[in-house]
Amino acid sequence: MKISEHFSRSISFPIKLIAVIWVIQIFQKITGIHLGRSFGLLPGSPSGLKGILFSPLLHSLKGWGHILSNTPPLFVLTAMVLFFYPRVGKRAFWMVYLLAGVLLWLFGIFTRMGQMDYHIGASGVIYGLVTFVFWSGVFRKNVKSIALALIVLFFYGSLVFGIVPGKEGISWEGHLMGALAGIIVAFWFRSDIEENEKPRIPSWEKEGEADPQPFFGEDIFSKRKEER
């Protein structure tokens, strides 16, 4: 597959995903309907289970800051995972997406001391993708994955402060569970090596060893002196 075609495929999915998120946000703004109460994730509640699938698509109606802050990293990180990890990229994305929600639903109930609220937003997925790329470099230990890990660390290293509790209106639990999901998924796929991650075999090893040849002709010592 040509690089240009692979690049187009890699950005196609995040463009569609972000388009869905923005269409939902615009619908909420126009109608005034806050879908978070119906489709958000409420930890420990059976009614909140559907939020595992839908909550990353929903964002706050209090302003555009929430969706605007999530759009660029969601696009970049999703495209990065699909482009550089084509063998596992799609599976890794959906595992992060779903596992982040499952972990939040299971353990989020223990963090708010009984004051539960619905969790919405794609931040947990973003944290999961960041840790997936970073820890893939740790687990795989090849040049490409390590380079990607360093790039992600440089641009998104400050996200670590988002898992610190105390900021009102911030789902730090969602961030933390997303980050844990990314680490788990990176470990799960650590042995699924991409084609461009395989060590190259030197050309001389591919050719194999040549049959040993004598320095002198085989019959040189069997000839009589007169013949020589």
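The values are calculated or read from the model by the stated rules, or taken from the named source; none is laboratory data. Only a predicted model underlies this, so the values are computations on that prediction, with no experimental measurement involved. Virtual Cβ from ideal backbone geometry, glycine too; neighbours counted across all protein chains shown.
Would you check if there is a residue in region 102-111 being of a type in the set (Ser, Thr, Tyr), at negative phi and in contact with a strand residue (DSSP E or B) (Cβ under 7 Å, 6 or more places away or on another chain)? No, because not a single residue in region 102-111 is of a type in the set (Ser, Thr, Tyr), at negative phi and in contact with a strand residue (DSSP E or B) (Cβ under 7 Å, 6 or more places away or on another chain). With the checklist (1) surrounded by fewer than 16 Cβ atoms within 10 Å (Cβ to Cβ); (2) in contact (Cβ under 8 Å) with a residue 24 or more places away in the chain in hand, flag the one item ASN70 doesn't pass. Going through (1) surrounded by fewer than 16 Cβ atoms within 10 Å (Cβ to Cβ); (2) in contact (Cβ under 8 Å) with a residue 24 or more places away in the chain one by one, ASN70 breaks only (1). Going residue by residue through region 51-58, is there one that turns out to be in contact (Cβ under 8 Å) with a residue 60 or more places away in the chain and aromatic (Phe, Trp, Tyr)? Looking for residues that are in contact (Cβ under 8 Å) with a residue 60 or more places away in the chain and aromatic (Phe, Trp, Tyr), one finds none in region 51-58, hence no.
Scanning region 43-52 for residues that are part of a helix (DSSP H, G or I) and farther than 14 Å from GLY121 by Cβ yields PRO46, SER47, GLY48. Evaluation of GLY63 against the conditions (1) of a type outside the set (Val, Ile, Thr); (2) outside any helix (DSSP H, G or I); (3) under 19 Å from LEU99 (Cα atoms) shows that the sole unmet condition is (3).
Would you point out the residue of region 2-42, among those that are part of a loop (DSSP other than H, G, I, E, B) and at negative phi, that is surrounded by the fewest Cβ atoms within 10 Å (Cβ to Cβ)?
Filtering region 2-42 for residues part of a loop (DSSP other than H, G, I, E, B) gives 2, 32-35, 40, 42.
From the residues that got through so far, the ones that are at negative phi too are 2, 33-35, 40, 42.
Values: LYS2: 7, ILE33: 12, HIS34: 16, LEU35: 20, GLY40: 20, LEU42: 22.
The qualifying residue surrounded by the fewest Cβ atoms within 10 Å (Cβ to Cβ) is LYS2.
Looking only at residues in region 125-148 that are surrounded by 15 or more Cβ atoms within 10 Å (Cβ to Cβ) and in contact with an Asp or Glu (Cβ under 9 Å, 6 or more places away or on another chain), the one that is nearest to PRO73 (Cα to Cα) is SER145.
Is it true that SER45 is touching a residue at least 12 places away in the same chain (Cβ under 8 Å), among the polar types (S, T, N, Q), over 16 Å from ALA179 (Cβ atoms) and crowded, with 18+ Cβ neighbours inside 10 Å?
Judged against the criteria, SER45 is not a match.
Which ones in region 156-179 are out of contact with any Phe, Trp or Tyr (no Cβ under 9 Å at 6 or more places or on another chain) and either surrounded by 13 or more Cβ atoms within 10 Å (Cβ to Cβ) or among the acidic types (Asp, Glu) (or both)? Within region 156-179, VAL160, GLU168, ILE170, SER171, TRP172 qualify.
Every residue, every condition in (1) at pLDDT below 95; (2) closer than 25 Å to ILE15 by Cβ; (3) not in a helix (DSSP H, G or I), yes or no:
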position	(1), (2), (3)
ARG91	no, yes, no
GLY114	yes, no, yes
ILE146	yes, no, no
GLY178	no, yes, no
ILE184	no, no, no
